[in-house]
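A.B. asks: Once you've had a glance at the structure underneath, I'll fire off some questions.
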Amino acid sequence: MNEKTQVTPQPEPAREQAEKGPSIRPAVDIFEDETGITVQADMPGVSRDHLDIRVDRETLTLTGEASIATPEGMEALYADVRLTRYQRSFSLSSELDADQAEASLKDGVLTLRIPKRAQYQPRKIEVRVS
């Protein structure tokens, strides 16, 4: 397999970004093996309930809202993290089967596995003896 699966980051359209407010682009690592890709996105503070993963045609969009709680009876005087919305989009190769994707979230890291379609996965051909 010499050719790599195409997964290309996309900028969010300016109009959509303005409507939703500013967002943080989470750091993402993408790994490929013979059977598909694994996307790992750092989204600290995002719970499963506030995470949205969508595929529209060949565009994968990751969106999450972090909930940063202020301790009861206290008021924030200073905060390094003010933006609590994460968003990142990618163009997916048509050889990936997004219908079979699986996702998990642990310790602020989203792991998304997208397998390749069966026709693009390597397969062994058995030789019969006659």
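A.B. asks: Considering only residues that are surrounded by fewer than 15 Cβ atoms within 10 Å (Cβ to Cβ) and in contact (Cβ under 8 Å) with a residue 60 or more places away in the chain, which ones fall in segment 41-57?
C.D. replies: Of everything in segment 41-57, just one residue is surrounded by fewer than 15 Cβ atoms within 10 Å (Cβ to Cβ) and in contact (Cβ under 8 Å) with a residue 60 or more places away in the chain, namely Pro44.
A.B. asks: Please indicate, with yes or no, whether at least one residue in segment 119-126 is assigned to a strand (DSSP E or B) and in contact with a strand residue (DSSP E or B) (Cβ under 8 Å, 6 or more places away or on another chain).
C.D. replies: no
A.B. asks: Now for a separate question. Look at segment 58-111 and say how many of its residues are more than 13 Å from Ala41 (Cα to Cα) and either touching a residue at least 12 places away in the same chain (Cβ under 8 Å) or outside any loop (DSSP other than H, G, I, E, B) (or both).
C.D. replies: 22
A.B. asks: What residue, among those in segment 26-57 that are charged (D, E, K, R) and either touching a Cys at 6+ places or on another chain (Cβ under 8 Å) or assigned to a loop (DSSP other than H, G, I, E, B) (or both), is farthest from Asp107 (Cα to Cα)?
C.D. replies: Arg57
All of the numbers you see were taken from the coordinates with simple rules; none came from a lab. Quantities reported herein were computed from a predicted structural model and do not represent experimental measurements. For neighbour counting, all protein chains shown are included, and Cβ atoms are generated from backbone atoms with ideal geometry for every residue, glycine included.
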